[in-house]
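The structure under discussion appears below in the form of structure tokens.
The values are calculated or read from the model by the stated rules, or taken from the named source; none is laboratory data. Here the structure is a predicted model, which is why all the values come from computation and not from measurement. Ideal geometry is used to build each Cβ from the backbone, glycine not excepted, and the neighbour counts take in all protein chains shown.
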Amino acid sequence: MFPTPTDTGISRAEAYRLIRAAGAELLDLFQRASRLRDARTGPVITYSRKVFIPLTNLCRDRCGYCTFAREPGDGLAHTMTPEEVLRVARAGRAAGCKEALFSLGDKPELRYPQYREWLEKRGLRSTIEYLQAMCRLVFEETGLLPHANPGVLTREEMLELQPVNASLGMMLETASRQLLARGEAHFECPDKVPGVRLSSLRNAGELGVPFTTGILTGIGETPEERVDALVAIREIHEQYGHIQEVIVQNFRAKPGTQFAARPEPSALDVARTAAVARLILGNRVNLQVPPNLTRDSYAFYLFAGINDWGGISPVTKDFINPEMAWPEIAQLRSATSEAGFTLRERLAAYPEYVCSSGWVPEALRRGAQAWLDETGLVAQDREGA
Ligand code: SF4
């Protein structure tokens, strides 16, 4: 299903020009991006049926737009017990999910002594050790394929997680150091230093971990800085070939956050950025825009060269953007089909990674095979099963 990648992507200078394209140039941009996508996956648009497991919402960072992270004792802070994790995972499996998406704050044990004690009481040294145990538990008990998003990972931490994850993820978000300044999105966020996140991407490449990353638009970066982030991702992927997917995610203003009154990117701006991302990345990488962050008009993004809608949960809300419901899978299928495409279910590792040896740990790959057809996507009679 996937052709040998040939396109090398546009230059940074061309991307700087196109990221501000309008009128006829914008239409041409959408057509070029669509042609590249068609050369990769034709009319097939994928999604992953997943269950969302917010292992802990404690975090040592303080991003200006975040409502996920909580302070211990504020009434909403919570670290899931193994029993809770398993209950959610089993509900997901019963609803036909095949991916367990673990989302959690970054290194909370470095900020909160009471959370450190919580870990110590259970004989755990770190959140990553707990995460590893929960990924293993979920895979062994339910067969769901774990995909963990625990933030920045050292090489050693990645080695801990690799055997129990089909793939790992961490949004680069931005390559702009300007956003670390006081009043900006990543002030007091040691894990949002772009160089630190780029090192994590390289660690994943060196270890051969299929990896999901992407950019977050509208958090104070300039259009050119979006291009810089995408080019940085491309450069790392050229070296290791492990970036299975790039997400172009739009910022949503949430009440109660420092960024509550910030303007959100328009759907047109998101589409233009996605199309430029496709031209930068060429036909080598899967490109996603989450459908639940743009009410009603998300099908429009299909004309900007994307080929994936990401993880869709039939049982749990999007804990990072809880106010934005995921579209029903039936509705997503109908919107995709109305635009002239076909929706297919994929696993937490894309076909090009799950079908070749050496990327996904063998036990997980064996588990995955039972769901797949010859294209590496979920067989149509196993969708939702
Ligand atoms: S966005 Fe992520 S890293 Fe930033 S505060 Fe929220 S949970 Fe922590």
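Set side by side, the residues E328, E338, E362, E374 differ, and just one is within 21 Å of the chain's Cα centre (by Cα) and either more than 25 Å from M80 (Cβ to Cβ) or surrounded by fewer than 17 Cβ atoms within 10 Å (Cβ to Cβ) (or both), which is E328. Here V209 fulfils each of the conditions (1) away from the ligand (no atom under 16 Å from the Cβ); (2) closer than 30 Å to Q258 by Cα apart from (2). Looking across the stretch 262-299, the residues that are under 21 Å from L332 (Cα atoms), at pLDDT 95 or above and among the small types (G, A, S) come down to A271, A274, A275.
Checking each residue in the stretch 228-284 for being under 23 Å from F303 (Cα atoms), part of a helix (DSSP H, G or I) and of a type in the set (V, I, T) picks out V231, I233, V270, T273, V276, I280. Selection of the stretch 156-184 for residues being within 28 Å of Y65 (Cα to Cα) and surrounded by fewer than 16 Cβ atoms within 10 Å (Cβ to Cβ) yields R177, Q178, A181, R182, G183.
Looking across the stretch 182-230, the residues that are among the hydroxyl-bearing types (S, T, Y) and more than 17 Å from the chain's Cα centre (by Cα) come down to S199, T222. Restrict the check to the stretch 54-75 and report whether at least one residue is within 29 Å of E129 (Cβ to Cβ), surrounded by fewer than 14 Cβ atoms within 10 Å (Cβ to Cβ) and not acidic (D, E). Yes, the conditions are met somewhere in the stretch 54-75.
One residue stands out in the stretch 191-202 among those that are within 12 Å of the ligand (Cβ to nearest atom) and crowded, with 16+ Cβ neighbours inside 10 Å: the one that is farthest from C63 (Cα to Cα), namely R197. For the criterion of being among the small types (G, A, S), on the phi > 0 side of the Ramachandran plot and out of contact with any Pro (no Cβ under 6 Å at 6 or more places or on another chain), G384 passes. Which of the residues belonging to the stretch 250-271 are out of contact with any helix residue (DSSP H, G or I) (no Cβ under 7 Å at 6 or more places or on another chain) and among the polar types (S, T, N, Q)? T257, Q258, S266, listed by residue number. Determine the pairs where a residue that is within 15 Å of L55 (Cβ to Cβ), located within the stretch 120-143, has a partner that is of a type in the set (S, T, Y) with Cβ atoms under 6 Å apart, the partner being 6 or more residues away or on another chain. Note: pairs meeting the criteria are L124/Y130. When E188 is tested against (1) within 16 Å of the ligand (Cβ to nearest atom); (2) surrounded by 18 or more Cβ atoms within 10 Å (Cβ to Cβ); (3) in contact (Cβ under 8 Å) with a residue 40 or more places away in the chain, exactly one condition is not met: (2). Of everything listed in (1) under 24 Å from D38 (Cβ atoms); (2) among the aromatic types (F, W, Y); (3) part of a loop (DSSP other than H, G, I, E, B), the single unmet condition for W326 is (1).
crowded, with 20+ Cβ neighbours inside 10 Å, assigned to a loop (DSSP other than H, G, I, E, B), more than 9 Å from the ligand (Cβ to nearest atom) and at pLDDT 95 or above, is that true of C97? Yes. The condition (being within 30 Å of P351 (Cα to Cα), in a loop (DSSP other than H, G, I, E, B) and out of contact with any Pro (no Cβ under 7 Å at 6 or more places or on another chain)) is satisfied by just one residue among G64, G9: G9. Candidates are the residues of the stretch 51-70 that are polar (S, T, N, Q) and near the ligand (Cβ under 9 Å from one of its atoms); the one that is modelled with the highest pLDDT is N57.
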